[in-house]
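Working notes, beginning with the structure itself.
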Amino acid sequence: MERLPSSNAKNVIEGIHAEEVANISSRANYGIHYMVIYSDLTTLREFYSYYIKKGIEEYNDIVLFAPFYENNHPWKRNLSEGYMAIEVTKY
């Protein structure tokens, strides 16, 4: 795994772009779990857009997304029109 700028706690990555976090977490070994703490909802939306698109289109993975903080409309719109748009109805 890549070494990136970190805080005082071991294995905590701070100060990197949402796309890079999605790239790192998508390349991890099967069964690895991450906790992603985001500064705001906009950052979370950007992260899951990158992560879901990469998982579905590049790795042909099944992605389970449980949007606890939003109803269906904002996250569907974000996936279909946002940072890394995908054809939501296709999946």
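The values are calculated or read from the model by the stated rules, or taken from the named source; none is laboratory data. Everything numeric in this text was worked out from a predicted model, so none of it was measured. All Cβ positions, glycine included, derive from the backbone under ideal geometry; neighbour counts span all protein chains shown.
The table below gives the values:
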quantity: Given (1) closer than 16 Å to residue 82 by Cα; (2) more than 9 Å from the chain's Cα centre (by Cα), number of the condition residue 45 does not satisfy; calculated: (2)
quantity: Search result, residues across region 66-88 that are touching a helix residue (DSSP H, G or I) at 6+ places or on another chain (Cβ under 6 Å) and farther than 13 Å from residue 17 by Cα; calculated: 67, 76, 78, 79, 80, 82, 84, 86, 88
quantity: Odd one out for residue 61, checked against (1) in a loop (DSSP other than H, G, I, E, B); (2) closer than 17 Å to residue 19 by Cβ; (3) modelled with pLDDT of 85 or more; calculated: (2)
quantity: Matching residues in region 64-91 - criterion: being of a type in the set (Ser, Thr, Tyr), farther than 19 Å from residue 24 by Cβ and in a loop (DSSP other than H, G, I, E, B); calculated: 69, 91
quantity: Residue satisfying all of: in region 19-35; among the hydroxyl-bearing types (Ser, Thr, Tyr) and touching a helix residue (DSSP H, G or I) at 6+ places or on another chain (Cβ under 8 Å); modelled with the lowest pLDDT among these; calculated: 34
quantity: Boolean, residue 56 is touching a residue at least 24 places away in the same chain (Cβ under 8 Å) and among the β-branched types (Val, Ile, Thr); calculated: yes
quantity: Residue check for residue 91: surrounded by fewer than 14 Cβ atoms within 10 Å (Cβ to Cβ) and either in contact with a helix residue (DSSP H, G or I) (Cβ under 8 Å, 6 or more places away or on another chain) or touching a residue at least 12 places away in the same chain (Cβ under 8 Å) (or both); calculated: yes
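Results for (1) surrounded by 14 or more Cβ atoms within 10 Å (Cβ to Cβ); (2) of a type in the set (S, T, N, Q); (3) in contact with a Cys (Cβ under 7 Å, 6 or more places away or on another chain); (4) modelled with pLDDT of 85 or more, shown as yes or no for each residue.
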| site | (1), (2), (3), (4) |
| --- | --- |
| 17 | no, no, no, no |
| 37 | no, no, no, no |
| 40 | no, no, no, no |
| 51 | yes, no, no, yes |
| 72 | no, yes, no, no |
| 76 | yes, no, no, no |
